[in-house]
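The values are calculated or read from the model by the stated rules, or taken from the named source; none is laboratory data. Computed from a prediction, not measured in an experiment: that's the story for all the values here. Every residue, glycine as well, gets a Cβ built from its backbone with ideal geometry; the counts of neighbours run over all protein chains shown. Heads up: the accessible areas ignore ligands, DNA and RNA and are worked out on the full protein's heavy atoms, side chains in. Shrake-Rupley method; radii C 1.70, N 1.55, O 1.52, S 1.80 Å.
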Amino acid sequence: VGFQKILTLTYVDKLIDDVHKEFRDKYRNEFQQKGTLGLLNGTFDFQDDFMRLLRDAEESSKVRAPTVMKTFEQSLKSQKTVKCMIETRGEKPKEKTKNKKNKGSKKEGTEAVAAPGKASAGDKQPSGVGDREELTKDEILQKNREEFFKRHMKAGEKSSKSPKPEAQKEKGKKPRVWDLGNSNTKVLDYSNSATNGSVEAGPVEEFDPEIALGDRNREPGRLYDLEYESDDEAEEEKVVQNPSKPSAKKGGLGGMFGMLKGLVGSKSLTREDMDPVLEKMKDHLIAKNVAAEIAVQLCESVAKKLEGKVMGTFTTVTSTVKQALQEALVQILQPQRRVDVLRDVMDAQRHRRPYVVTFCGVNGVGKSTNLAKISFWLIENGFSVLIAACDTFRAGAVEQLRTHTRRLNALHPPESHGGRSMVQLYEKGYGKDAAGIAMEAISYARNQGFDVVLVDTAGRMQDNAPLMTALAKLIAVNAPDLVLFVGEALVGNEAVDQLVKFNKALADHSMAQTPRLIDGIVLTKFDTIDDKVGAAISMTYITSKPIVFVGTGQTYCDLRSLNAKAVVAALMKA
């Protein structure tokens, strides 16, 4: 029973059934009288009966003869002759009529008319078979081939003459109509000069505003701070006055500082005291998506700041280093120059000119999407926006901005703003010079009285020299008020490389003595990283520029301002 795969016993199932029945029938009365206790305490003499059943089972298995595979002569296939394998012309149509009866009632009338002809062909069958018996096998095969080709040729002629249903005439793919999209789509033809360069507000689109806005209880026009809900960390363990007695508790600050609770008395800190804590701190920062180079520099700056500092009696090396790191991170995230977009837009209004913002960055980070979010935020603050479609390379870039324009006009219709369209799109299609389109858009905005111009550029890798030259040309020629680098929060070491090379390209390809560099950062996809917020540290550390906007979701309201303390709290979480 235990080794059926090794030793094949065919009688095991039968033996178990026989033993079960024999034991049950022999001791049935005893079970009923004594019950369960009698079954557990009783003794049963079943050895002889079991051996008898085992011998019977073994004998019965020996009596059975092993199954032998059939020979070819015993199979049904050997009884078939060449004559019965040959399909005659009289039999084939009969089989077709049987199959066609199941396909529909429309063909029954035509098959009924053709039935007499098929029957007459079947009458000629014996003579045809007799002729075939006189032929050799090669001749029979040759005739079968000829008849096969003739039948298929006739079938092809019949199918070509038969009328095709109307549904089959329309070939090719049909354009998909999305539920939330506009069904009246136009052909994407930009060769007509009437459409190129036109400023289209687009038809008003009706859709559910809940999908585009998300939270309906928000305050219109307000840019909320980034929030981070973290579990309250356990309080740092209390340190006794005796410096020689080390702390036994290890989980006070979690995995980052739990094992580094060495105490020092009233003495100055040395590099040897801080090295274990700083090494652990560096690994923690890298795990939180801070670029490795930045993490090393941060730890070095903290070590230089604390070296030689006199420690208090009730403080630990860990708590002192952690506090210094938090202060350094908050200082990094709060640069000296703060970008206040609304203030700058109002200042440009007083000078009767549009405020120009240029978005740049690598491919796929969300430039167009976050441009639409910023447009919505500006509209809710009462400013009119002109979007310049300067991404003339990526397929669908203009259509994406046109869709956002329609949605924004549906959320803020002209009727609510004195008949004025609050957002318009300036585009010239694809394959044109981006710098020229931006210049014309700014001139149009100045003439039409727009408050803000948002310039969307094509995504480009930082290593692509021709594209970086074109971006530097666009910024140098149009001199925007604000150059925003759009980067995603998912990057680690790549953030350093992107920002350094973007700034370097803008400096190298600029004609001015003081080249125009990146002024601020838009950090996107922040809702996808949980507490791995190191990209914010890396980007601000490299450029010393502020993070102006943070994208946190899929709706127009998912735009936040950076809260340095919330980011640092997430970064220091164990």
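Data overview
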| item | result |
| --- | --- |
| Which numbered condition G418 misses (of (1) open to solvent by 30 Å² or more (accessible area, probe 1.4 Å); (2) of a type outside the set (D, E, K, R); (3) within 29 Å of F502 (Cβ to Cβ)) | (3) |
| The stretch 512-543: number of residues that are within 17 Å of F359 (Cα to Cα) and of a type in the set (A, V, I, L, M) | 6 |
| Hits in the stretch 375-393 (condition: open to solvent by 40 Å² or more (accessible area, probe 1.4 Å) and part of a loop (DSSP other than H, G, I, E, B)) | N381, G382, F393 |
| Residue identified as open to solvent by less than 20 Å² (accessible area, probe 1.4 Å), touching a strand residue (DSSP E or B) at 6+ places or on another chain (Cβ under 6 Å) and either touching a residue at least 12 places away in the same chain (Cβ under 8 Å) or in the same structural domain as K367 (by the TED database) (or both) among L506, L499, L523 | L523 |
| Residue that is modelled with the lowest pLDDT, among those in the stretch 7-23 that are assigned to a loop (DSSP other than H, G, I, E, B) and open to solvent by 90 Å² or more (accessible area, probe 1.4 Å) | L7 |
| Any hit, the stretch 536-544, residues being under 23 Å from V500 (Cα atoms) and free of Cβ contacts under 8 Å to residues at least 60 places away in the same chain | yes |
| Test: residue in the stretch 438-450 that is part of a helix (DSSP H, G or I) and modelled with pLDDT under 90 | no |
| From V385, V362, residue being assigned by the TED database to the domain that holds G534, among the hydrophobic types (A, V, I, L, M, F, W, C) and farther than 27 Å from P220 by Cα | V362 |
| Those strands (runs of 3 or more DSSP E) lying entirely in the stretch 455-574 with at least 3 residues among the β-branched types (V, I, T) | 520-524, 547-551 |
| Any hit, the stretch 439-459, residues being in the same structural domain as G366 (by the TED database), more than 25 Å from D340 (Cα to Cα) and among the hydrophobic types (A, V, I, L, M, F, W, C) | yes |
| First in the stretch 330-346 and on the phi < 0 side of the Ramachandran plot and among the hydrophobic types (A, V, I, L, M, F, W, C), second anywhere and assigned to a helix (DSSP H, G or I) and open to solvent by 30 Å² or more (accessible area, probe 1.4 Å), Cβ under 8 Å, 6 or more apart | V330/K565; I332/Y541 |
| Any chance K432 is modelled with pLDDT under 95, out of contact with any helix residue (DSSP H, G or I) (no Cβ under 7 Å at 6 or more places or on another chain) and not in a helix (DSSP H, G or I) | yes |
| Residues that are outside any loop (DSSP other than H, G, I, E, B) and open to solvent by 50 Å² or more (accessible area, probe 1.4 Å), drawn from the stretch 327-374 | E327, Q331, R343, M346, D347, Q349, R350, T369 |
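To keep it simple, each residue is scored yes or no on (1) over 19 Å from K525 (Cβ atoms); (2) out of contact with any helix residue (DSSP H, G or I) (no Cβ under 7 Å at 6 or more places or on another chain); (3) open to solvent by 10 Å² or more (accessible area, probe 1.4 Å).
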residue: D456; (1), (2), (3): no, no, no
residue: L467; (1), (2), (3): yes, yes, yes
residue: K473; (1), (2), (3): yes, no, yes
residue: L484; (1), (2), (3): no, yes, no
